[in-house]
Amino acid sequence: RRPLVLDSDPGLDDAAALHYLLARPEWELLAYTAVGGNVPVDLTFRNARALAAAFGIDHDVPVYRGAGRPISRVPIGGDFHGASGLGSAELPDSAVPEQQSLAPLELLRLSHVYENELTVVATGPLTNIAAALILDPEFARRVAHLVFMGGAALVPGNITSVAEFNIWADPDAADLVVASGIPYTMVGLDVTHHAPLTADDVAKIDAAGTDHARLTAALLRDYLNAYLTFTGRDHGFLHDPLAIGVASDESFAEVRTGCVVVGTDLGLHRGQTVFIPDDAAQTPFLTEATRARTAVKGNVAVAPGRSLFPAD
Ligand code: BDR
Ligand code: CA
């Protein structure tokens, strides 16, 4: 099995991503790290511990608290995932004592132990990953693959007209990460908006009948209600589970190579992920500074691939 750290801001679809990850045989989950995002880090840390307990992994997989605030902006968040971050669920806390170490420090430690082997999947703002890179830029060279849910390469945003939530929540962190040389795949709205979640899908998960499936179904029911309340849609999107899918198997998306630059100024472009595919990087119209950035390559999921719900 391949070593993996899940960095997350649970979060209803983050919880579904954890469930999906645990169901996949190829991963060994080494640590579950919490970052502020959907709700502040005190709550995402609490939720991560409670989810680890509910999914029966809290004695084997340590949960670490992460960054207490974004790099340069005030924490955002909102009501979408409910006041606690996990909708109406009332999960008991884990009985395992809290870890004293912090998420970026554990990411660094594990990147040494599993040098060139470690996959990191991030389903929240990229603050913990950026913090690890600030402490030790060589982290970028020791990680085998970072897959993050965030951004919108060729499509509109979901929190402003150009910005996706996870990037908008900490644009400086995101820009630092994509400029660091870490081998990454960005799984943004270009693909997650093609991964719908309907009431029928939730019923199918529920019908699996295990405690874990029932919990995930209950969380996803709240998630669907949030979509209805906040956007008027009768379906949601499986943003965070798709990042696990793409980390496992690239056929879950069509991926292109190029460079991503994140809008970090305070204007209209804040949080935008501008994607310059390799062929466009040849044009004579790029400024010198942008051309320098095109040397730092990444992978960007630009179109949907295989479905998370195989036809039955
Ligand atoms: C992202 O924002 C969060 O609300 C979800 O958990 C997901 O990570 C989608 O834009
Ligand atoms: Ca998330």
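The values are calculated or read from the model by the stated rules, or taken from the named source; none is laboratory data. Note that this is a predicted model, so its numbers are computed, not measured. As a convention, Cβ positions derive from the backbone with ideal geometry for all residues, glycine included, and neighbour counts pool all protein chains shown.
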Revision key, fill the gap. Given the conditions (1) surrounded by 24 or more Cβ atoms within 10 Å (Cβ to Cβ); (2) within 16 Å of ligand 1 (Cβ to nearest atom); (3) farther than 21 Å from GLY245 by Cβ; (4) free of Cβ contacts under 8 Å to residues at least 60 places away in the same chain, every one holds for VAL63 apart from (2)
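If a residue must be buried (at least 22 other Cβ atoms within 10 Å of the Cβ), touching a residue at least 60 places away in the same chain (Cβ under 8 Å) and within 21 Å of ARG142 (Cα to Cα), how many such residues does the range 165-179 contain?
Summing the residues that are buried (at least 22 other Cβ atoms within 10 Å of the Cβ), touching a residue at least 60 places away in the same chain (Cβ under 8 Å) and within 21 Å of ARG142 (Cα to Cα) in the range 165-179 gives 5.
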Review point. Do we find a residue being in contact with an Asp or Glu (Cβ under 6 Å, 6 or more places away or on another chain) and crowded, with 17+ Cβ neighbours inside 10 Å anywhere in the range 286-299?
Key: no
Review point. Out of the range 137-154, which residues are away from ligand 2 (no atom under 16 Å from the Cβ) and either buried (at least 17 other Cβ atoms within 10 Å of the Cβ) or under 28 Å from LEU110 (Cβ atoms) (or both)?
Key: PRO137, GLU138, PHE139, ALA140, ARG141, ARG142, VAL143, ALA144, HIS145, ALA153
Point to revise | Enumeration of residues in the range 269-295 that are modelled with pLDDT of 95 or more and in a loop (DSSP other than H, G, I, E, B) | key: HIS269, ARG270, GLY271
Check your understanding: Just to be sure, is VAL162 more than 25 Å from GLU250 (Cα to Cα), within 16 Å of ligand 1 (Cβ to nearest atom), of a type outside the set (Phe, Trp, Tyr) and surrounded by 17 or more Cβ atoms within 10 Å (Cβ to Cβ)?
Key -> yes
Study note, to complete from the structure: Taking the range 20-34 and the residues there that are assigned to a strand (DSSP E or B) and either within 14 Å of ligand 2 (Cβ to nearest atom) or acidic (Asp, Glu) (or both), the one that is farthest from the chain's Cα centre (by Cα) would be GLU28
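Filter the range 1-19 down to the residues that are in a helix (DSSP H, G or I) and within 13 Å of ligand 2 (Cβ to nearest atom) and list them by number.
LEU12, ASP13, ASP14, ALA15, ALA16, ALA17, LEU18 - these are the residues of the range 1-19 that are in a helix (DSSP H, G or I) and within 13 Å of ligand 2 (Cβ to nearest atom).
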Study note, to complete from the structure: Given the conditions (1) crowded, with 20+ Cβ neighbours inside 10 Å; (2) away from ligand 1 (no atom under 16 Å from the Cβ), every one holds for GLY85 apart from (2)
Practice item. Taking VAL120 as the residue in question, decide whether it is surrounded by 17 or more Cβ atoms within 10 Å (Cβ to Cβ), of a type in the set (Val, Ile, Thr) and within 20 Å of the chain's Cα centre (by Cα). Key: yes
Revision key, fill the gap. In the range 3-38, anything of a type outside the set (A, V, I, L, M), surrounded by 24 or more Cβ atoms within 10 Å (Cβ to Cβ) and either more than 16 Å from PHE55 (Cβ to Cβ) or within 14 Å of ligand 1 (Cβ to nearest atom) (or both) is listed as ASP7, SER8, ASP9, PRO10, GLY11, ASP13, ASP14, GLY36, GLY37, ASN38
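Being among the small types (Gly, Ala, Ser) and within 19 Å of VAL296 (Cα to Cα) is the filter here, so list the residues in the range 146-187 that pass it.
GLY150, GLY151, ALA152, ALA153, ALA173, ALA174, ALA179, SER180, GLY181
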Point to revise | Candidates SER84, SER72, filtered to the one that is modelled with pLDDT of 95 or more and among the polar types (S, T, N, Q) | key: SER84
Study note, to complete from the structure: Here the residues within the range 188-220 that are of a type in the set (Asp, Glu) and under 19 Å from VAL302 (Cβ atoms) are ASP190
Point to revise | Selection from the range 136-159 of residues that are away from ligand 1 (no atom under 14 Å from the Cβ), closer than 29 Å to TYR114 by Cβ and touching a residue at least 60 places away in the same chain (Cβ under 8 Å) | key: HIS145
Review point. Does the range 243-260 include one or more residues that are surrounded by fewer than 17 Cβ atoms within 10 Å (Cβ to Cβ) and free of Cβ contacts under 8 Å to residues at least 24 places away in the same chain?
Key: no
Review point. Has the range 35-58 got at least one residue that is assigned to a strand (DSSP E or B), farther than 19 Å from ALA169 by Cβ and away from ligand 2 (no atom under 13 Å from the Cβ)?
Key: no
Practice item. Determine which single condition ILE134 fails, assuming it passes every other condition in (1) in a loop (DSSP other than H, G, I, E, B); (2) surrounded by fewer than 17 Cβ atoms within 10 Å (Cβ to Cβ); (3) touching a Leu at 6+ places or on another chain (Cβ under 8 Å). Key: (1)
